[in-house]
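Presented below is the structure to which this report refers.
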Amino acid sequence: MNIFRFLGDLAHLVSIFLLIHTIEKNKSANGLSLKTQVLYMIVYITRYTDLFTKFYSVYNTLMKITFLVSQAYIIFLIAKKYIKNTKIEVDTFPIRYLFAAAALFALIFTQKYTVGGIVWSFSLWLESVAIIPQLYILQRTGEAENITTHYIAALGIYRALYIPNWIWRYLVEGKFNYVSVLSGVVQTLVYTDFFYIYWQKVLKGKKFSLPV
């Protein structure tokens, strides 16, 4: 554990609980991608296959359970509880391409050629592109509520903070996982355009908007 990983995990938690609070407060999930949320659920399931077979620390176990439970609850809110108050006709990105790309990269770029190693690599590559259906909705609609953009920004910050975490682990602990680094860099690049507009508009008090 180091400060960069802790801050990254904190940003991740903030994004999740901010999203849940907003959906419950507005009683609607308009502008949110159910597909992105399902992809994140698959990421957690494939990432945490060792949850009940290996124990690393209380912190590690609690974080895994929190992510799984909270993500399941977000999907319930969007797909069941507030589905009548949510427009989902714009959530049309073909996620099969994301699955195919993640599977292919997991076979090519993996730390260990074992079932567990490939599944873990798949979770990393899928996470790197899981936000794309959400960004696709923003592109189609052209604008979003600031609360939605804050959620996406917190997710981006979470992953960006893992880059100095990997550098720290290499310099201090002598550990380096090139799959984590590569997928993390890809994920950070996916957020590049979003962060530029977020910085130029939302943080300056303007409404987030994109050319449709």
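The values are calculated or read from the model by the stated rules, or taken from the named source; none is laboratory data. Keep in mind the model is a prediction, meaning the values are calculated, not measured. Positions of Cβ are generated from backbone atoms using ideal geometry, with glycine treated the same way; all protein chains shown enter the neighbour counts. Side chains included, ligands, DNA and RNA excluded: accessible areas come from the protein's heavy atoms. Shrake-Rupley method; radii C 1.70, N 1.55, O 1.52, S 1.80 Å.
Which of the residues belonging to segment 24-34 are open to solvent by 60 Å² or more (accessible area, probe 1.4 Å) and outside any loop (DSSP other than H, G, I, E, B)?
Taking segment 24-34 as the starting set, the residues that turn out to be open to solvent by 60 Å² or more (accessible area, probe 1.4 Å) are 25-27, 30.
Answer for segment 24-34, where residues must be open to solvent by 60 Å² or more (accessible area, probe 1.4 Å) and outside any loop (DSSP other than H, G, I, E, B): Lys25, Asn26.
Check segment 134-141 and report whether any residue there is of a type in the set (Val, Ile, Thr) and touching an Asp or Glu at 6+ places or on another chain (Cβ under 9 Å). Step through it out loud before you land on a result.
In the first step, residues of segment 134-141 are kept if they are of a type in the set (Val, Ile, Thr); the result is 137, 141.
Remaining after also requiring touching an Asp or Glu at 6+ places or on another chain (Cβ under 9 Å): 137.
Checking segment 134-141: at least one residue is of a type in the set (Val, Ile, Thr) and touching an Asp or Glu at 6+ places or on another chain (Cβ under 9 Å).
Looking only at segment 58-101, which residues are in contact (Cβ under 8 Å) with a residue 12 or more places away in the chain, over 30 Å from Lys27 (Cα atoms) and hydroxyl-bearing (Ser, Thr, Tyr)?
If the condition is that a residue be in contact (Cβ under 8 Å) with a residue 12 or more places away in the chain, over 30 Å from Lys27 (Cα atoms) and hydroxyl-bearing (Ser, Thr, Tyr), then Tyr59 is the only one that fits.
Testing Ser128 on (1) at pLDDT 75 or above; (2) of a type outside the set (A, V, I, L, M, F, W, C); (3) surrounded by fewer than 15 Cβ atoms within 10 Å (Cβ to Cβ), one condition comes back false. Which one is that?
(3)
Enumerate the pairs (first residue in segment 3-23 and closer than 15 Å to Tyr40 by Cβ; second residue anywhere and assigned to a helix (DSSP H, G or I) and open to solvent by 70 Å² or more (accessible area, probe 1.4 Å)) with beta-carbon separation below 8 Å, excluding pairs fewer than 6 apart on the same chain, so at least 6 apart or on different chains.
As it stands, the answer is Ala11/Ile157; Ile20/Tyr73, since those pairs meet every condition given.
All but one of (1) part of a loop (DSSP other than H, G, I, E, B); (2) of a type in the set (A, V, I, L, M); (3) within 17 Å of Ile152 (Cβ to Cβ) hold for Leu51; state the number of the condition that does not hold.
(3)
Looking only at segment 42-60, count how many residues are buried (at least 18 other Cβ atoms within 10 Å of the Cβ) and over 21 Å from Leu10 (Cβ atoms). Spell out the reasoning first.
First, pick out the residues of segment 42-60 that are buried (at least 18 other Cβ atoms within 10 Å of the Cβ): 42-44, 46-48.
Next cut, over 21 Å from Leu10 (Cβ atoms) only: 42, 46.
Matching residues across segment 42-60 total 2.
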